[in-house]
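Let me begin by presenting the structure, written as structure tokens, before commenting on it.
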Ligand SMILES: [Zn+2]
Ligand SMILES: [Zn+2]
């Protein structure tokens, strides 16, 4: 007989993980109950919740079940649902918005400023439990060719990388510089390649991350982020720099390097969160005619588009998954993710394979 409770992971802060028992929720109108298959850990979980509850506003953690990269299978459907039925495989766009503001109306629930906005794993229960109660309008169908881990990675990290690359219109005309080869940087490399970028240069301070990016064949050059990095970027691009660059680290020096490594008239995006940056605006930005983008997560529509393209490209985000752990080992999973030397860490529930 099935039990009526489930164990959920909460993050009390101070680099700790705790387990709590919850009743298995029942879907209300326009909601579905999703049996979790994969629920990965994002850098934001570490930065704003796990170590300390630093987040404010949309990043304010309310003591709920953690996990904002959920993917699973619909097992119950509430009244009024219009699209999904029991058995459907879904990725959950991790923010439920008010649904009526400008941002929600074009699918950017991430930018919804309403008091009704709630992100899974931040202000409402997330994916680190056997079941997740989701609004139907935050679910996106997972193509059959993609694994549940592929789907989970798209719920935040890959979606974030895709949105920035898409906004910069990366194509076969471009070489791509990525500063910071953590999970989002690796995602940018994988997607940049699929979009046609002809050379991909990646920088990081960590030798392990550089080696991992090279071993996976995701970058054409893995460059140590030190005083010589800019010189190396220039020498590998005929002295021009890359047409497109993206900072995925959030570190001031890496943001500057991304900008300095961008070719005249090029495009540069910042997606790495937190911190600051300081640079000579005339020299680094204006006189180089650079377009600088700030890009935060993605829209519902673009996440759907990403999943469709991954299916068509036969590209699998789960290639960068270095650790799969059961929910009972969430403590270890967070410790690994916080260690920062690895690719993506994912909490998995029984079968997280292709179907
Ligand atoms: Zn809204
Ligand atoms: Zn995230």
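Structure summary
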quantity	calculated
Gained length - residue 328 relative to residue 281, 0.36 nm times residue gap less alpha-carbon distance	12.0 nm
The stretch 217-355 - percent relative contact order, Cα under 8 Å, separation 6 or more	15
Nitroxide proxy distance, nm - points 7 Å out along Cα→Cβ at residue 273 and residue 305	2.3
Relative packing of peptides 197-205, 285-293, 229-237 - highest average C-beta neighbours within 10 Å first	197-205, 229-237, 285-293
Residue of 212, 130, 26 that the Gaussian network model of the chain assigns the largest fluctuation, springs spanning Cα pairs under 10 Å	26
Label point distance in nm, residue 289-residue 216, each placed 7 Å from Cα along Cα→Cβ	3.5
Geometric extent, Cα atoms of the chain - Rg, Dmax (angstrom)	19.8, 69
Value at 222 nm in deg cm²/dmol, rounded to 500, when DSSP H runs of n ≥ 4 in the chain each add -39,500 (n - 2.57)	-7000 deg cm²/dmol
Long-range tail of P(r) for the stretch 84-180 (Cα pairs > 19 Å, %)	51
Ranked packing of 131-137, 56-62, 33-39, most packed first, by mean Cβ within 10 Å	33-39, 131-137, 56-62
Prolate/oblate/rounded label for the stretch 148-229 (Cα gyration tensor, a/c 1.5)	oblate
The stretch 117-209, relative contact order in percent, only Cα pairs under 8 angstrom and at least six apart counted	23
Simple spin-label estimate for residue 83 and residue 113 in nanometres, 7 Å along Cα-Cβ	2.7
Helix axis angle, 183-195 relative to the chain longest principal axis, alpha carbon, degrees	70
Gain in span if fully extended, residue 226 to residue 52, counting 0.36 nm per residue against the direct Cα distance	59.7 nm
Förster radius 25 Å - calculated FRET efficiency between residue 144 and residue 3, Cβ distance, rounded to 0.05	0.25
Degrees between helix 157-167 axis and first principal axis of the chain (Cα, 0 to 90, nearest 10)	50
Calculated FRET efficiency for the pair residue 98/residue 169, C-beta based, R₀ 22 Å, to 0.05	0.15
Relative contact order for the chain, counting Cα pairs under 8 Å that sit 6 or more residues apart, in percent	19
Ranked by how many other beta carbons lie within 10 Å on average, peptides 175-182, 248-255 from highest	175-182, 248-255
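Bear in mind that the values in this text are calculations on the coordinates, not laboratory data. Computed from a predicted model, the values in this text were never measured in an experiment. All Cβ positions, glycine included, derive from the backbone under ideal geometry; neighbour counts span all protein chains shown.
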